[in-house]
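Read the structure below first, then the notes.
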Amino acid sequence: MHIYLVGGAVRDKLLKRPVVDRDHVVVGALPEELLSLGYKPVGKDFPVFLHPETGEEYALARTERKSGRGYHGFVFQADPTITLEQDLARRDLTINAIAEDEHGALTDPFGGVRDLEARVLRHVSPAFVEDPVRVLRVARFAARFAPLGFGVAAETMALMRQMVADGEVDHLVPERVWAETRKALGEPQPSMFLRVLRECGALAVLFPEVDALYGVPQRAEFHPEIDTGVHVEMVLEAAARLAPGNDVVGFCALTHDLGKALTPSDGLPRHIGHEHRGVAPLRALAARLKVPTEHAALAELVCREHLNVHRAFELKPATVLKLLGALDALRRPARLELFLAACEADKRGRRGHEHDAYPQADYLREARAAAAAVESADFVARGLAGPAIGQAMDAARIHAIAALKTHPSPGGSAV
């Protein structure tokens with residue numbers, strides 16, 4: 001029995017990045033041998049075990065053979081005759097197909113170290129086409145490693161285009177699409193996720209609502225980048241800077257302008273009412289991918305209200321209170337922070353405006369604090385009861401918001 005560290009742990013170690021998950025492959029062993037050593041079985045489709053002390057994953061070396069469409073269409077073979085090279089051959093990218101033994105010696109049959117040095121995401125073998133999830137994984141790795149200079153190999157992109165053309169991507173289950181998307185939205189450069197998917201044609205299949213934004217013009221005085229799809233990419237980048245690793249803010253950034261794809265052509269490049277038109281496609285996307293409730297709910301609020309936030313200084317105090325109420329911000333201040341981060345990302349996600357100030361966020365924080373300071377006990381002490389308490393509290397909160405010092409919003413609000 002021989003044990004090797006494999007996959008992301010070896011890759012990240014070579015890149016001098018923090019190693020988060022340590023996965024191992026076991027060659028030349030039977031399941032019974034690992035069980036006798038105290039390993040705990042967790043794999044359903046193939047033998048995977050947890051180390052009795054560290055809890056790290058140990059999988060028996062295996063091969064896989066395509067047996068049908070989609071992610072589940074595989075037959076696995078795991079037995080002591082499977083070699084380390086055979087196990088590595090089934091992996092997606094060369095940079096993920098490197099193994100390290102207990103002495104630190106590397107086994108690298110597919111040139112993964114070379115591709116790490118060249119900053120290339122390259123498939124291991126033609127068998128790459130058999131698993132459509134790999135299209136999403138390559139796009140996600142591009143979003144993770146783009147800041148290090150990584151790009152997708154031309155031949156790998158060609159294979160991905162062929163997979164889309166052959167309909168393999170059509171068979172991805174929603175849970176896997178969302179799982180990869182959620183991770184990508186938390187990566188350092190999430191715009192690369194969209195770019196790679198669009199280049200291979202998968203964006204139109206998996207995210208038609210987002211793909212439809214490319215080529216839709218916006219007013220140049222507000223959006224020097226003009227193209228709405230490019231704007232969404234820039235908003236994703238701004239979101240990654242403002243809320244690193246937060247996929248909730250990332251999803252809000254991804255979907256905030258879906259309504260612009262539905263603007264009547266005779267109204268372009270203006271997008272009057274896009275914040276309301278965007279709700280229906282956002283709901284459709286969230287339902288199709290089974291997006292978590294809070295992601296979908298906050299994204300809808302950002303879609304519908306982001307223009308109001310941009311012009312916060314122009315809003316009546318009663319309207320500000322209504323906005324805070326829609327967000328449940330008085331009870332959930334952390335939710336307000338996510339909402340404001342997405343709105344600020346929208347404002348900064350424009351060419352030449354990446355570092356603009358956003359005083360609207362501080363104003364709404366102050367408004368929330370002023371409103372939250374109004375407590376019911378004061379009105380109960382005055383003898384009020386029932387609905388009268390709520391009405392009096394709302395009046396007091398509006399008065400408190402009105403007393404705040406406000407400033408004109410710089411740069412206009414038509415974004």
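The values are calculated or read from the model by the stated rules, or taken from the named source; none is laboratory data. Just so we're clear, the structure is a prediction, and the values are computed from it rather than from any experiment. Cβ: placed from backbone, ideal geometry, glycine included. Neighbour counts: every protein chain shown. The accessibility values were calculated without ligands, DNA or RNA, using every heavy atom of the protein model including side chains. Shrake-Rupley method; radii C 1.70, N 1.55, O 1.52, S 1.80 Å.
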What residue among ALA179, VAL309, LEU338 has its Cα farthest toward the positive end of the dipole of the chain, where the charges are +1 on Lys, Arg and -1 on Asp, Glu, each on the Cβ?
VAL309
Around VAL249: net Lys/Arg minus Asp/Glu count, Cβ-Cβ under 10 Å:
-3
Using the alpha-carbon atoms, what tilt in degrees (0 to 90, nearest 10) does helix 228-242 show relative to the longest principal axis of the chain?
90
Among PRO224, GLY390, ALA284, the residue whose Cα sits farthest towards the positive end of the charge dipole of the chain, when +1 is placed on the Cβ of each Lys and Arg and -1 on the Cβ of each Asp and Glu, is GLY390
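Using the heavy atoms of the protein chains alone and a 1.4 angstrom probe, what is the accessible area of the chain per residue in square angstrom?
Per-residue value: 44 Å².
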Rounded to whole Å, give me the distance from the Cα center of the range 139-216 to that of the range 310-339.
34
Taking the highest mean first, how do the peptides 130-140, 235-245, 322-332 order by number of other beta carbon atoms within 10 angstrom per residue?
130-140, 235-245, 322-332
When Lys and Arg each count +1 and Asp and Glu each count -1, what net charge do the other residues less than 9 Å away from ILE3, Cβ to Cβ, add up to?
-2
Label-point separation in nm, ASP101 to ASP394, each point 7 Å along Cα→Cβ:
7.5
Positive-end residue, the range 192-317 charge dipole about Cα centroid, Cβ charges, pick of THR263, TYR214, PRO244
THR263
Quote the relative contact order of the range 301-360 in percent (integer), defining contacts as alpha-carbon pairs under 8 Å separated by 6+ residues.
39
Per DSSP H run of n ≥ 4, the term is -39500 (n - 2.57); total these for the chain, divide by its residue number, and report the mean residue ellipticity at 222 nm rounded to 500 deg cm²/dmol.
-14000 deg cm²/dmol
Under 13 Å between alpha carbons, and skipping anything fewer than 8 positions from LYS16 in its own chain: which aspartates and glutamates qualify?
GLU117
In nm, spacing of pseudo-spin labels at ARG17 and ARG270 (7 Å Cα→C-beta vector):
4.6
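What does the charge dipole of the chain about its Cα centre add up to, to the nearest 20 debye, if the Cβ of each Lys and Arg holds +1 and the Cβ of each Asp and Glu holds -1? Working shown, then result.
Numbers: 50 positive and 56 negative charges, 260 e Å.
Dipole of the chain, to the nearest 20 debye: 1240 debye.
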Give, rounded to the nearest 20 debye, the magnitude of the charge dipole that the range 75-137 has about its Cα centre when Lys and Arg contribute +1 at Cβ and Asp and Glu contribute -1 at Cβ.
400
Net charge, LYS405 excluded, C-beta distance under 13 Å - Lys, Arg +1, Asp, Glu -1:
-2
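Given a 1.4 angstrom probe, I'd like the percentage of the accessible area of the chain that is carbon and sulfur, rounded to a whole number. Numbers along the way, then the final one.
Values: 9820 of 18330 Å².
Heavy-atom surface of the chain belonging to carbon and sulfur, 1.4 Å probe: 54 percent.
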Among all the lysines, which ones have a C-alpha under 27 Å from LYS40's C-alpha, if same-chain residues fewer than 8 places away are not counted?
LYS13
With 20 Å as the limit, write out which pairs from LYS183/LYS260; LYS44/LYS183; LYS183/LYS290 have Cα-Cα distances beyond it, or answer none.
LYS183/LYS260; LYS44/LYS183
